[in-house]
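First the structure, in the form of structure tokens, and then the observations on it.
The values are calculated or read from the model by the stated rules, or taken from the named source; none is laboratory data. The structure displayed is predicted, hence computed values, not measured ones. Quick reminder, even Gly has a Cβ in these numbers, built from the backbone with ideal geometry, and neighbours come from all protein chains shown.
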Ligand code: ACO
């Protein structure tokens, strides 16, 4: 399969570190030096489904495809306003798709997990075109009194259209199951039968452990997808790393020994938008004209689960 179109959409509300200083015990200096984040887009009066719809429509237009051309929608999402149906069905209805819709909850590597699932559908000949939409609102998961988590995240949606072809050369997905590192409990209504304690808890994260996992797992994944394709780290034109923390991206870059200009970033004005991070970065770089045909792109992402994934794409 190959990527034939990209799109993205962001909430209009921009929250700067200075805005956060007004109600949190934090500083612009702390946030910038520990994360590289200056501001983030945060849902206000939009709905996440509208961002997903807009990203999907832009990707379809970019690909020159109509809704009826799409054989499968894969939607990567952790939380949204609906418990059911899946966000993919809501977006499909909004853009006039009539194909099967599958939602996946694979946290930050969800985009690459979706590529892996799509790859299998292409390989058995079940699809000709697949729409992947990653739509996330982590700002609705964190407590805005918890300075250790809420400063890190931003909302948004990114989408790609995949078609038959040779572009995506290698995909690797993996897990080191360890749910206690990043987790959240949703609030539940009591029933007449439940006797255990159930309490809604906002997003919890063991930041340092996640940091270490992210750098180690990403470097391992990247080397594995490159080895599968018979390539070395210097053969890659651009490393498209999940935008979780600039220091994580820098840790991966220095361990690989690759120059800075091969690591495009947008975390400074996006924060971590979970699985939407990689397709938003891809769309922004593409629209800036960064890629030329034949460029080799490596995607790598890591997050709750703990899940990890990487992919090698020839543009
Ligand atoms: N402002 C000021 N001080 C803060 C803030 C803040 N926003 N947040 C935490 N601190 C304080 C802490 O309370 C702590 O104070 P103490 O020393 O008095 O206890 C001090 O700063 C240092 O905290 P650490 O957690 O040790 O700081 P660290 O350098 O590890 O950075 C961070 C924390 C940014 C969370 C880092 O660990 C990180 O980025 N980890 C990876 C997280 C990640 O990538 N998560 C996303 C992947 S999964 C997903 O997307 C769901």
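Some notes on this structure:
- The set of residues in segment 219-239 being touching a residue at least 60 places away in the same chain (Cβ under 8 Å) and either more than 20 Å from residue 175 (Cα to Cα) or within 11 Å of the ligand (Cβ to nearest atom) (or both) consists of 229, 231, 235, 236, 237, 238, 239.
- Matching residues in segment 225-246 - criterion: being surrounded by 15 or more Cβ atoms within 10 Å (Cβ to Cβ) and assigned to a helix (DSSP H, G or I): 225, 226, 233, 246
- Scope segment 263-277; condition touching a strand residue (DSSP E or B) at 6+ places or on another chain (Cβ under 8 Å) and within 12 Å of the ligand (Cβ to nearest atom); matching residues: 271, 272, 273, 274, 275, 276, 277
- Qualifying residue in segment 128-140 (condition: part of a strand (DSSP E or B), crowded, with 17+ Cβ neighbours inside 10 Å, modelled with pLDDT of 95 or more and out of contact with any strand residue (DSSP E or B) (no Cβ under 6 Å at 6 or more places or on another chain)): yes
- Close pairs from segment 177-189: first closer than 12 Å to residue 199 by Cβ, partner surrounded by 10 or more Cβ atoms within 10 Å (Cβ to Cβ), Cβ under 6 Å, at least 6 apart: 184/141; 184/203; 185/201; 188/198
- Residue count for segment 155-210, restricted to those that are closer than 29 Å to residue 12 by Cα and either out of contact with any helix residue (DSSP H, G or I) (no Cβ under 9 Å at 6 or more places or on another chain) or within 16 Å of the ligand (Cβ to nearest atom) (or both): 17.
- Reported count of residues in segment 154-212, each being farther than 30 Å from residue 50 by Cβ and part of a strand (DSSP E or B), is 5.
- Residue within segment 105-117 that is crowded, with 21+ Cβ neighbours inside 10 Å and on the phi > 0 side of the Ramachandran plot present: yes
- Pick from segment 16-39, criterion more than 13 Å from the ligand (Cβ to nearest atom) and in contact (Cβ under 8 Å) with a residue 24 or more places away in the chain, ranking: surrounded by the most Cβ atoms within 10 Å (Cβ to Cβ): 39
- Residue within segment 100-114 that is farther than 20 Å from residue 154 by Cα and assigned to a loop (DSSP other than H, G, I, E, B) present: yes
- Apart from one condition, residue 199 fits all of (1) farther than 30 Å from residue 299 by Cα; (2) modelled with pLDDT of 95 or more; the exception is (2).
- Here residue 198 fulfils each of the conditions (1) within 30 Å of residue 42 (Cα to Cα); (2) under 18 Å from the mean Cα position of the chain (by Cα) apart from (2).
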